[in-house]
Amino acid sequence: MTSISEGTAVKTNIHGIYRFGGRFKSVLLRWKRSVYQLIWKHMLIYAIVYVSLSILYQFILNEDGKKDFRVLAEHCTGYSRSLNIMIVLGFFTSTTMQRLFNMQITIPGTSKSITMFILSLKPDLPEGPMIIEQYARWQILSWVFTFRLVCKPLSKIYPDLASLQTAGLLTQEEKEIMENPELTNPNTPRPLVVIDCKNEVLYSISHDE
């Protein structure tokens, strides 16, 4: 039993490592501001020059030519020691990865605000479940409206009001209100329209209490 469990744990760890490596590669390739994507052409030129010089030294030059080549290489080595490329690349990569991680964890969510709203309601409120469902839906809807402006994948999933209605985030009545220029100002951003509706709900609840 011990060997089976240990083997399963090893397989699980290896599978997790492969998954992490695949995710890291996908993020690195999709990352438009990656340092490596900015210098890959220079690295390719460096690799071609390195292979060409190696072939030149090994197969083309004679003994006198190899001696002169080694003297030139030792002279160039003194300049290469003044700048460590790997340290520079590692520093910038770690810094940008840390900034990307901080950006991901600081994106505002909806769970905290919905939880605070639920805790602020009276326990014996008859229409409490309906108010909570409506407020939570509007909170998620305002979040989608906001981040749809800057997130292309999210804008592809919810390109219009019909897609939001199909997903259950928007009712038919709310959709008609937003599409009616007499009821909703077309110049008003959609997130502010939803936030205004949430404020009306909070205002009515506070006055009922």
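The values are calculated or read from the model by the stated rules, or taken from the named source; none is laboratory data. What you are looking at is a predicted structure, and each value in this text was computed from that prediction instead of being measured. Virtual Cβ from ideal backbone geometry, glycine too; neighbours counted across all protein chains shown. Calculation scope for accessible area: heavy atoms of the full protein, side chains included, ligands and nucleic acids excluded. Shrake-Rupley method; radii C 1.70, N 1.55, O 1.52, S 1.80 Å.
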Counted charge near L154, where neighbours are those whose Cβ lies closer than 15 Å (Asp, Glu -1; Lys, Arg +1):
+3
The pairs in K41/K156; K156/K198; K152/K198 lying past 29 Å Cα-Cα in this model are K41/K156
Please list, or write none, the aspartates and glutamates whose alpha carbon is within less than 14 Å of the alpha carbon of K122, excluding same-chain residues fewer than 8 places away.
D208, E209
Taking θ = phi - 60°, what integer Hz values does the Karplus form 6.51 cos²θ - 1.76 cosθ + 1.60 yield along the range 171-188, in sequence order, with x for Gly and Pro?
8, 5, 5, 5, 5, 5, 5, 5, 7, 8, x, 6, 9, 10, 5, x, 7, 7
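Report in % the part of the accessible area of the range 121-208 that belongs to carbon and sulfur, leaving out ligands and nucleic acids; probe 1.4 Å. Intermediate results must be reported in sequence, preceding the final value.
On the way: 3340 of 5700 Å².
Taking all protein chains in place, the range 121-208 shows 59 percent carbon and sulfur surface.
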Keeping all protein chains in place, calculate the accessible area per residue for the range 121-208 (probe 1.4 angstrom), answer in Å².
65 Å²
